[in-house]
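Reviewing the structure listed below.
Throughout, read-outs are computed from the coordinates displayed, never taken from laboratory work. For clarity, every value in this text was computed on a predicted model and none was experimentally measured. In this analysis, Cβ positions are derived from the backbone assuming ideal geometry, glycine residues included, and neighbour counts consider all displayed protein chains.
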Amino acid sequence: MMKKEMPERSDRNQALKLFRSANLLELGEMANAMRRELHPDKIVSFVNDRNINYTNICVSGCKFCAFSRPAGHPEGYLLSYERIFQKIEELLSRQGTQILLQGGMHPDLGIKWFEELFQEIKQKYPIHIHGLSPPEIEFLAKKEGLSVKEVLTRLKNAGLDTIPGGGAEILSDRVRKKLSPKKVSARGWLKVMETAHQLGIKSSATMMFGSVETDEEIIEHLLKIRALQDKTNGFIAFIPWTFQPKNTGLSEIKPASGVRYLRVLAISRLVLDNVPNIQCSWVTQGAKIAQVSLFFGANDFGSTMLEENVVRSAGADFRLSLAEILRLIKDAGLVPAQRDAGYKILKKF
């Protein structure tokens, strides 16, 4: 079925037609077939990590964000190095291997703050730094009067290992003008990622859907990721997740359904034939849909997520323990395995 309806590689029109018109279960089976072809060992991986949001102070003012606060706001914060180190030590005590370090575009933080932080982390702890998404990178470049390449080179030398795919939202400037007009453009996001990949810094890619985008723009987003991956082979994984409207400037929007999520997940797996890993989003979908997603193209369960603040601030309060993640994967007839940031398997369960 997959090869008949999605020959060698889908173009824009084929992908859009399939996305819109295919029966959900047939679409899921096609994506599942591709997952099995790419990952025949039945392993579903996850990483033991923690999201450390070093600040919620941000000048961007994105309409979809419930986490950020403007400078001077009484709820604004900036974590000290010492508090960040405490969080890393808590993670290491639970056999964690990676931190996801992201925050707002703080007007007073320069590149030296990050360089010194990364250097101290690497001196003190055996931890992988997965940090600073493209909006943060571009913001630093403009603030410091440096090129994106110069910023990335300095951060890499200081200890940055990989880059998260945050800030992609939908890679359409029509959507971005509505959601986040002060943040990096679609072209700018792709430029940061291309530059990082050229410097040997691997990354993930994301897509936040369910706000104001069209079906065509979802497919456009996927094709832009695929085209860059053809050029650089720097994306390790892709993570689609649904916009959470509560407490945001777009609270009137009805959240995307689990059915819609599964349809987007499946078409992501089928279009992104060159991205090895597709991650489910249990933090926005909950346990049951996350488990079903393992039959709609996902081969990775994401993170144990010892801490998460951004999506939770928008009303998503799903939490899963390591034991629950292991049970959900095993009950699906698959093999849970802890991985590192590069998807190397560390331990099977």
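On a 23 Å Cα-Cα criterion, which of the cross-link pairs 112/178; 178/246; 246/330 come out too long? Mind dumping the intermediate values first?
Numbers: 112/178 32 Å; 178/246 17 Å; 246/330 33 Å.
Table pairs above 23 Å Cα-Cα are 112/178; 246/330.
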Would you please give the residues with an amide H less than 5 Å from that of residue 296, counting only those at least 5 places away or on a separate chain, with H modeled from the backbone geometry? none
Within straight cross-link reach of residue 156, meaning Cα distance under 18 Å, which aspartates and glutamates are found once same-chain residues fewer than 8 apart are removed? 115, 116, 120, 136, 138, 144, 194
Amide H proximity to residue 161 below 5 Å, modelled H, separation 5+ or other chain, gives 129, 131
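What are the chymotrypsin sites (Phe, Trp or Tyr not before Pro) within the range 34-65 that DSSP puts in a loop, where the Cβ has at most 16 other Cβ atoms within 10 Å?
Answer in residue order: no site qualifies.
I need 170, 163 ordered by Cβ neighbour count within 10 Å, fewest first. Working shown, then result.
Values: 170 25, 163 28.
Going from least to most buried by this count: 170, 163.
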Assertion target for 267, 121, ordered by fewest C-beta neighbours within 10 angstrom first, is 121, 267
Can you flag which of 17/254; 142/347; 202/348; 149/224; 149/183; 17/344 are past 30 Å Cα-Cα? 142/347; 17/344
In the chain, what is the volume of the convex hull around the alpha carbon atoms, normalised per residue and reported in Å³? 123
Which residue, 102, 119, 285, tops the fluctuation ranking in a GNM of the chain built on C-alpha contacts under 10 Å? 119
Most exposed first, judged by fewest Cβ atoms within 10 angstrom, 221, 39, 128 run 39, 128, 221
